[in-house]
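Since the structure comes first, as structure tokens, the remarks are kept for the end.
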Amino acid sequence: MEPRIPGEIRLQRQAEPEAAIAAETRTLVIGPYQTRRDAGGEPRPPLARLDEAVGLAAAIELDVADRLLVTVQQIRPSTYLGKGRVEEIAGRIEADGIRLVVMDCALSPVQQRNLEKAWGVKVIDRTGLILEIFGRRASTREGTLQVEHAHLAYQRSRLVRSWTHLERQRGGFGFLGGPGETQIEADRRMIQERMTRIERELETVTRTRGLHRRSRRRVPYPIVALVGYTNAGKSTLFNRLTRAEVLAENMLFATLDPTARAIKLPHGETAILSDTVGFISDLPTMLIAAFRATLEDVIEADILLHVRDIAHEDAEAQGADVAQVLAELGIEPDADRIIEVWNKADLLDEAERERLLNLSRPNGVKDAPKPVLLSALTGEGIDRLMSRIEARIAAARTSFAVILEPAQGAELHWLYENAEVLDRREDASGTLHLVVRVAPEKEPRFLNRFGAARRLKGSA
């Protein structure tokens, strides 16, 4: 058994740049898939699932030396894979100098330990890999705490494994080292104490976010939240709409912490646009719970933009996965506030682009939900999206006809600050005839100030 290593030496080793460690870690990604059907009723192609797993490994810069697709007829309780397949992979690992195996499935602690013994290398499952990515990506205090809490919950069930120890708490390559077998019960108690402290800190952070959210509601501006499968182009669209510089790369989970910016709609209305973490198939339950606070903006948003990579071969299954996560957050996938955005139109050939454009055009059916085809990268279709957002917000608002005398400058200023001015005409005497649209929460103040305003037919 490896002796305990003093904490200061461990910390010094951990200070090595994680990217450099990853670049030297020859990794084998294994896709051990049973035949299954997604929510949409169609089987998710195994090769697409394996490609995604390789993308997850690449997101933390691991050196993926090889990939292996394995068809699993029956899951073995001890090693997940059958004995013959385990031995075959052991020879491949030794021949290729593999140091880390990523199993794109959920392994029990026993299965993980037994595979490590059989193969003589570190083994992590899909949950562990996603946790490592989140550990690398988290930058805000809230995000860091949530990742650490989820990581500790994951580690707590695996303290029987010889390389796991509490002192590797932070995000990063928790699977690339460890002090050896330790005092299990003491470690478990220390983990629980740390998790309790994190929960208290998260309560404080969540209260602060709640205060910020309530202050926005007092303004108030409608909230538009971007949701979608990871790498669907949400951050690129966010940057396009807000002229911000949020990290937007062709990389899974490039965005983790939520970002919000103000945007102007076509008629001058201000809205808050929020970018969120991308969803993914088989998202660990502990992460859904841990990031529920981060996703509160999604739950409370007035409009949800479901961004889809329409050029991806697995677009339908990805859309179904997002719908499933939204349902777990209490949001119906066909809710009126959801606008589907078909992104990456620039990657389509001309025939497919024209076909999807026809599908996205209004067909005269009232309230028929239609997606918006666009390219966040080139800007194509952005105007259509902005008009659709404004129309969806307007559907829940009331329009009024207001008449103002020339001397009522203060009232005119109030209208421009607190309502959407849709039309403005001035007659020969200087009297203004306005059509304005008012948010429900501002209606009482509006009617108190403009009691003679006339509600227009067809308004909400």
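Details
- Its Cα gyration tensor gives the range 319-362 an equivalent ellipsoid. The semi-axes, each the square root of 5 times an eigenvalue, are 27, 12, 7 Å from largest down.
- Amide hydrogen neighbours beyond the local backbone of residue 305, cut-off 5 Å, H modeled: 225, 226, 227, 339
- Compactness of the range 398-455, expressed as Rg and Dmax over alpha-carbon positions, Å: 10.6, 35
Coordinate-derived values only; no laboratory data. Keep in mind the model is a prediction, meaning the values are calculated, not measured.
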